[in-house]
């Protein structure tokens, strides 16, 4: 069975990240798969009339990058996602390089629960922050 | 400017929803756009070895349906997403019909903030719940 990290391989402070440049095609694909066709994401003429002055990515696309780090790197496959809080702090614009980073904040050995700080950054500025709770697999389970 | 509902058109208890059947192609598209290639979502042979006994959708895909209701229906275009909490309660399987529903829970007239209860249901069972906070536009702004 393909496996990420087991609970006992995790330590507070451990961190993992991915960086992706958000292209117009990504925003269009996300609109398609989610059904979120809000013109703030798709229609440049409309988007120029909004406070953001141009098309922005779906906030949930940045959240999806956080989930990608959890699901592929830390803890990776085998972990079960229990909860996530998300604060959308700044807009993500087309062409922005988004770094999604997760950092282990607390470990609950009794429940095999891992609390992670979750962040998305663009050029060093926080665009999204929050906290994830995942159930990490045990080697002997 | 294309516009959803203004703050003063909102009332506690108001509700909107969408239903989408999660196809294998949706899960594959979501893996592509997010980078979350966890085999629990993509590899049926692997997924049969997990506690879920088969491929499941990304939790964040159900969350994206919630964001679609907020961005297209209630409040719709013009609203600004401030925060979202997500509890992943049950897995979503390929072929499941997911209803994402948002319900206005509280209105803060001073800040134009709207708190919404956010739910995803499959055959009447809650698969995802949480709360959203959005800034709704003012007619005179």
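Summary of values
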item	result
Residue that is closer than 20 Å to residue B:35 by Cβ and more than 13 Å from chain B (Cβ to nearest Cβ), where the choices are A:93, A:110, A:105	A:93
Hey, residue B:46 over 20 Å from the mean Cα position of the chain (by Cα) and facing chain A (nearest Cβ under 7 Å) or not	yes
Flag for residue A:65 being closer than 20 Å to residue A:118 by Cβ, at pLDDT 95 or above, assigned to a strand (DSSP E or B) and touching a helix residue (DSSP H, G or I) at 6+ places or on another chain (Cβ under 8 Å)	no
Test: residue in the stretch B:88-107 that is more than 18 Å from the chain's Cα centre (by Cα) and surrounded by fewer than 19 Cβ atoms within 10 Å (Cβ to Cβ)	yes
Any hit, the stretch B:40-47, residues being more than 19 Å from residue B:123 (Cα to Cα), in contact with a helix residue (DSSP H, G or I) (Cβ under 6 Å, 6 or more places away or on another chain) and not in a helix (DSSP H, G or I)	no
Of all residues in the stretch B:67-82 being farther than 15 Å from residue A:56 by Cβ and more than 8 Å from chain A (Cβ to nearest Cβ), the one that is surrounded by the most Cβ atoms within 10 Å (Cβ to Cβ)	B:75
Members of the stretch B:25-39 found to be surrounded by 15 or more Cβ atoms within 10 Å (Cβ to Cβ) and either free of Cβ contacts under 8 Å to residues at least 12 places away in the same chain or assigned to a loop (DSSP other than H, G, I, E, B) (or both), listed by number	B:29, B:33, B:35, B:36, B:37, B:38, B:39
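The values are calculated or read from the model by the stated rules, or taken from the named source; none is laboratory data. All values reported here derive from a predicted model rather than from experimental measurement. Cβ atoms come from the backbone with ideal geometry, glycine included; neighbour counts cover every protein chain shown.
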